[in-house]
1. If the requirement is being surrounded by 10 or more Cβ atoms within 10 Å (Cβ to Cβ), over 29 Å from residue 104 (Cβ atoms) and modelled with pLDDT of 75 or more, which of these qualifies: 75, 17?
2. Give the range 39-60 a look and list any residue that's farther than 15 Å from residue 82 by Cα and either part of a loop (DSSP other than H, G, I, E, B) or not aliphatic (A, V, I, L, M) (or both), or say none.
3. Restricting attention to the range 68-105, and to residues there that are in a loop (DSSP other than H, G, I, E, B) and among the aliphatic types (A, V, I, L, M), which single residue is farthest from residue 52 (Cα to Cα)?
Amino acid sequence: MPNSKSLSRKRLQIAAGCSIAVCCALWYFSGLLILARKPILVGVLHSQTGPIAVSESAMIDAERLAFEEINAAGGLLGRKIRWVIADGASDWPTFAREADRLINN
């Protein structure tokens, strides 16, 4: 016959382990809920000025429409999309500078 003291100790260890697992799960999922509130930031880099702007204005409009439709449907995984449009000004050095700004700011 098993010792009742060792049996209760085993139950205590199981209960403690389950409590720790539940606390870890709650902590993990609360972090996901916090992330779900933050919008997803998307940088859009096209020429809005200069000679290439004529062909890229339709792409900007299409991307803006897509973001608005995604947000209207509830976003991505419950997160809204926030977009920033940068102007490459039909100039390669400006494109590089604006890409760096979008990535690092």
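1. Working: 75 fails: over 29 Å from residue 104 (Cβ atoms).
Unique residue meeting the criteria: 17.
2. First, the residues of the range 39-60 that are farther than 15 Å from residue 82 by Cα: 46-59.
Residues satisfying the conditions are 46, 47, 48, 49, 50, 51, 52, 55, 56, 57.
3. So the first thing to find is which residues in the range 68-105 are in a loop (DSSP other than H, G, I, E, B), and the list is 73-75, 77-78, 80, 88-91, 105.
From the residues that got through so far, the ones that are among the aliphatic types (A, V, I, L, M) too are 73, 77, 89.
Values: 73: 32, 77: 35, 89: 8 Å.
Only one residue tops the list, namely 77.
The values are calculated or read from the model by the stated rules, or taken from the named source; none is laboratory data. Keep in mind it's a predicted model, so treat the numbers as computed, not measured. Virtual Cβ from ideal backbone geometry, glycine too; neighbours counted across all protein chains shown.
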